[in-house]
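Accompanying notes for the structure given below.
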Amino acid sequence: MKIYACTEGRSGQVDAVSLEMIAAARSLARDGDDVIAFFAGSAAADAAGKFGTADRLVAAIAPEADIVVAGTYARQLCDVIAAEGAGIVVVPYSANGLDVASSVAARLDWPLVSYVEKIARDGQSLSVVAQLYGGKVLADCSVPLPAVLMVNPGAFAEATATPLSPDRIDTIDIAELVAASRVRPISIDLPDFSDVDLKAAERIVCVGRGIGDEASIDLARDLAALLGAEIAGSRPVVDNGWLPKLRQVGKSGQKVKPKLYMALGVSGAPEHLEGMGQSDMIIAVNTDPKAPIFNVAHYGATCDLFELMSSLSERLQPSDT
Ligand SMILES: Cc1cc2nc3c(=O)[nH]c(=O)nc-3n(C[C@H](O)[C@H](O)[C@H](O)COP(=O)(O)OP(=O)(O)OC[C@H]3O[C@@H](n4cnc5c(N)ncnc54)[C@H](O)[C@@H]3O)c2cc1C
């Protein structure tokens, strides 16, 4: 069986989520199956070294198109599947993936499961755990094959970025298909990561609404500095204008995977957990022992965050001697 992992990227770069999709596809493969990475964009040559543990790469290239819109991406992928056959298509839950997954499922008339957290192969069907209501409910379902799965970022660890030899890369020219598309990107508005790139941070101190007011964020900033960490916030903190949007962690913010994530006065709503649940070590500080953040925390303190910040900052002060 052929298992397609949809990948994304621009300017010859492949997004980290692509390697997660390859890992998801690989986890479903049995002896004799082929894991095929599908890429559509302007150039995949520079990125070919990053397609992880895929058996092959199918690169649909349009030299002028840094972004291939979802409709064109889905159409080309379906043409490849029509020619080669497939049993499973794995798509990332991303702005593009949302449209690609539904379009591929509709074109192929296959079932689609969205917001997938876990998958296991079960003979000719899949056992899938999928999020409902933004993660407030987890649904167990059995899905007959063939099927399309839209997988949440962070649900799978990234596959190792192993180079693919040229004989394992098939290139298709899709310049005409891109030119014929009725939807065309006009401009790309990218966030400026020169201030901070939380995705690359090894340590993060995240403040939630429990911090109380903007002035108190300075205390957390001081603690973060002592820990060599970046400061981040939950959505209410950012919506209040206390921290810039680039420092928001969660569903509508950054997806982070630091070695240390300290959550101060964060309740742990599903939309927040979606952005940080994969952190290596989570330390939660919250006055409410029933706060859901404790369900994912490795260490927790049920206490006032100001008391903890104060005594921790005191102990972390460099000594004068
Ligand atoms: C479509 C959508 C997208 C969203 N995207 C995001 C997102 O990207 N990121 C995000 O964070 N949220 C997001 N949300 C919002 C999310 O649902 C929650 O509302 C939000 O995460 C709550 O933030 P919080 O934990 O800081 O605040 P609260 O839920 O108000 O929690 C504050 C916590 O602080 C504790 N506390 C209060 N005082 C103290 C103290 N002195 N010491 C210790 N603890 C204290 C309280 O017990 C409480 O648990 C999104 C929601 C939707 C619908």
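The values are calculated or read from the model by the stated rules, or taken from the named source; none is laboratory data. Computed from a prediction, not measured in an experiment: that's the story for all the values here. Cβ atoms come from the backbone with ideal geometry, glycine included; neighbour counts cover every protein chain shown. Just the protein is used for accessible areas: all its heavy atoms, side chains included, with ligands, DNA and RNA removed. Shrake-Rupley method; radii C 1.70, N 1.55, O 1.52, S 1.80 Å.
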Can you sort 272, 298 by 1.4 Å-probe accessible area, starting with the largest? 298, 272
Going by alpha carbons, how many degrees (0 to 90, nearest 10) lie between the helix axis of 95-108 and the longest principal axis of the chain? 30 degrees
Compute, for residue 102, the solvent-accessible surface of its heavy atoms (probe 1.4 Å) with the complete set of protein chains present, and express it in square angstrom to the nearest 10. 50 Å²
Using a 1.4 Å probe on the protein chains only, how many percent of the accessible area of the chain belongs to carbon and sulfur? 51 percent
Relative contact order, percent, the chain [alpha-carbon distance under 8 Å, six or more residues apart]: 14 percent
With axes computed from alpha carbons, what is the tilt in degrees of helix 305-316 against the longest principal axis of the chain, rounded to the nearest 10 within 0 to 90? 80 degrees
How high is the FRET efficiency between residue 240 and residue 79 when r is their beta carbon distance and R₀ equals 45 Å, given to the nearest 0.05? 0.40
Counting Lys and Arg as +1 and Asp and Glu as -1 over every other residue whose Cβ sits under 12 Å from the Cβ of residue 162, the net charge comes to +1
What is the set of long-range amide H partners of residue 126 at a cut-off below 5 Å, with H atoms built 1.01 Å from backbone N? 143, 145
Measure out, as a whole number of angstrom, how far apart the alpha-carbon centroids of the stretch 94-116 and the stretch 8-35 sit. 16 Å
About its Cα centre, what dipole magnitude does the chain give when the only charges are +1 on Lys and Arg Cβ and -1 on Asp and Glu Cβ, stated in debye to the nearest 20? 540 debye
Out of all Cα-Cα pairs in the chain, roughly what percent, to the nearest whole number, are more than 36 Å apart? 27 percent
So how far apart, in nm, are the two label points at residue 307 and residue 31 if each is 7 Å from Cα heading toward Cβ? 6.1 nm
How far apart, in nanometres, would the label points at residue 127 and residue 141 be if each is projected 7 angstrom from Cα along the Cα-to-Cβ direction? 1.7 nm
With the dipole of the stretch 232-321 defined by +1 on each Lys or Arg Cβ and -1 on each Asp or Glu Cβ, the option from 263, 291, 244 whose Cα lies farthest towards the positive pole is 244
Which is farthest toward the positive dipole end of the chain among 157, 28, 95, measuring Cα position about the Cα centre, with Cβ charges +1 (Lys, Arg) and -1 (Asp, Glu)? 28
My understanding is that a pair violates if its Cα-Cα distance is over 31 Å; which of 50/290; 118/290; 2/136; 50/257; 2/245 do that in this structure? 50/290; 2/136; 2/245
Rough spin-label spacing in nm, given labels placed 7 Å along Cα→Cβ, for residue 199 and residue 252: 2.0 nm
Report the full-extension gain for the segment residue 218 to residue 186: residue separation times 0.36 nm, less the Cα-Cα distance, to one decimal in nm. 7.5 nm
For the chain, what does the helix formula give at 222 nm: sum of -39500 (n - 2.57) over DSSP H segments with n ≥ 4, over the residue count, nearest 500 deg cm²/dmol? -8000 deg cm²/dmol
